[in-house]
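So the structure is just underneath, and the comments pick up after that.
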Amino acid sequence: MADPLQSALVSHEVRSSRQRTHYIEAGPADGPLMIFLHGWPCIGLVWRAQIEAFAAMGWRCVAPDLRGYGHSFAPASNQAYAIEHVVADLAELHDHLGGRPAVWVGHDWGSVVAAELAAHQPHRSRSVVLVALAYQPDGHALDTLVPLVDRTIYPADSYPDGQWDYYRYYTTDFDAAVADLNADVAASLASIFRKGEAEAVDEVSPSAKVTRNNGRFGEAHRAPPTLPDPDLWPAADFDVLVKAFKDQGFHPACAWYLNDDANFAYARRAPDGGRLSQPVLFVNGEFDQICSISGNRQGDPMRAACTDLTLASLSAAHWLPLERKAQLVSVMSAWLESKTIG
């Protein structure tokens, strides 16, 4: 099998007394810095298409495996996955890379980290791109997310946590949730990474039924046999992803969901109430049943907290870096040009 990183992407590692972070890099070393942050359940390689495109434009592109993922360190303590610790990892990585203010690009939990880093350490950020998941200035936690649920789709008596029920399940049945995902790692990942459909937008998300179904995969407690979608992950990259989760298991990645109190407290310590003064681009997935900000209030706190916010939408669900590889590059590059960031 050919090296999945190929010659364009180079692996590196940064170590300190408190952590070890693996990252991939492409582009000229003296180019403007763009740092890509993945979410659950990914590794830095999820950004391959965007890294290669922006590196070809002259950007220095870096994508770490965040703590608990890939070749980066995975502490045993669940509390080690609070956002404050992840931001500290990335500050060390940023210093290692030279410390020039960067464009920070986040998806899913990576968006949480990118926004919190920009709020707490604004000197590190020229601008912020948030993909799929809106910024919650009071902290990304059930207590901030659930009040924004669209109750026309999720009546409170039937779906108290709305589409975030899967998140609640981690807090109530963590070991069972992790065991189900670990039962067949390849099938779990293949079943998670699927394209979205427009027809599902106003329907109840499967994520709202996890508790009543006794887990993501119901009574089977394992993913059904599922082939990966090659339109999303190239085959060699998917193999790397599977190996990463076989090596680490899902426990570290899922432990990110167990730190609401710490994340809430950390967000509240940000200067100026967490307001972002940098230019911010939010890219919405129109078919995303969990995170879309279209037709609901989920994006309202972000709108209020950003001085210079641009909204864009793509016809896809949650996995925008994979579902709309080239389109995401186009939206980002046009926005960067409009803001004379380059």
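Quick look at the values:
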read-out	value
Residues located in region 193-226, provided they are within 19 Å of the chain's Cα centre (by Cα) and surrounded by fewer than 16 Cβ atoms within 10 Å (Cβ to Cβ)	Arg194, Lys195
Test: residue in region 315-336 that is closer than 16 Å to Glu116 by Cα and of a type in the set (D, E, K, R)	no
Verdict on Asp229 being open to solvent by 10 Å² or more (accessible area, probe 1.4 Å), within 21 Å of His38 (Cβ to Cβ) and among the acidic types (Asp, Glu)	yes
From the options Val280, Val329, residue that is in contact with a Cys (Cβ under 8 Å, 6 or more places away or on another chain), in contact (Cβ under 8 Å) with a residue 60 or more places away in the chain and aliphatic (A, V, I, L, M)	Val280
Qualifying residue in region 65-78 (condition: open to solvent by less than 10 Å² (accessible area, probe 1.4 Å), part of a helix (DSSP H, G or I) and within 24 Å of Phe193 (Cα to Cα))	no
Residues located in region 159-178, provided they are of a type in the set (A, V, I, L, M) and over 22 Å from the mean Cα position of the chain (by Cα)	Ala176
Test: residue in region 99-111 that is without any contact (Cβ under 8 Å) to a residue 12 or more places away in the chain, open to solvent by 10 Å² or more (accessible area, probe 1.4 Å) and acidic (Asp, Glu)	no
Residue check for Val87: more than 16 Å from Val46 (Cα to Cα) and touching a strand residue (DSSP E or B) at 6+ places or on another chain (Cβ under 7 Å)	no
Test result for Leu117, surrounded by 24 or more Cβ atoms within 10 Å (Cβ to Cβ) and among the hydrophobic types (A, V, I, L, M, F, W, C)	yes
Positions within region 187-234 being more than 15 Å from Trp40 (Cα to Cα) and assigned to a helix (DSSP H, G or I), in sequence order	Ala187, Ala198, Glu199, Ala200, Pro206, Ala208, Lys209, Gly218, Glu219, Ala220
Pair list, Cβ under 6 Å, 6 or more apart: region 246-258 residue in contact (Cβ under 8 Å) with a residue 60 or more places away in the chain and under 18 Å from Asp165 (Cα atoms), other residue of a type in the set (S, T, N, Q) and surrounded by fewer than 20 Cβ atoms within 10 Å (Cβ to Cβ)	Ala255/Asn78; Leu258/Asn78
Tally of residues being crowded, with 23+ Cβ neighbours inside 10 Å, without any contact (Cβ under 8 Å) to a residue 40 or more places away in the chain and assigned to a loop (DSSP other than H, G, I, E, B) across region 28-58	0
Asp157 more than 22 Å from Gln19 (Cα to Cα), surrounded by fewer than 17 Cβ atoms within 10 Å (Cβ to Cβ) and of a type outside the set (Val, Ile, Thr)	yes
Residue ID - nearest to Trp256 (Cα to Cα), chosen from residues in region 6-27 that are of a type in the set (D, E, K, R) and open to solvent by less than 70 Å² (accessible area, probe 1.4 Å)	Arg20
Test result for Asp89, open to solvent by 20 Å² or more (accessible area, probe 1.4 Å) and in contact (Cβ under 8 Å) with a residue 60 or more places away in the chain	no
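The values are calculated or read from the model by the stated rules, or taken from the named source; none is laboratory data. All figures in this text were calculated on a predicted structure; none of them were measured in a lab. Neighbour counts are summed over all protein chains in view; Cβ atoms, including those assigned to glycine, are modelled from backbone coordinates with ideal geometry. For the accessible areas, the whole protein counts, side chains as well, though only heavy atoms, and no ligand, DNA or RNA atoms are used. Shrake-Rupley method; radii C 1.70, N 1.55, O 1.52, S 1.80 Å.
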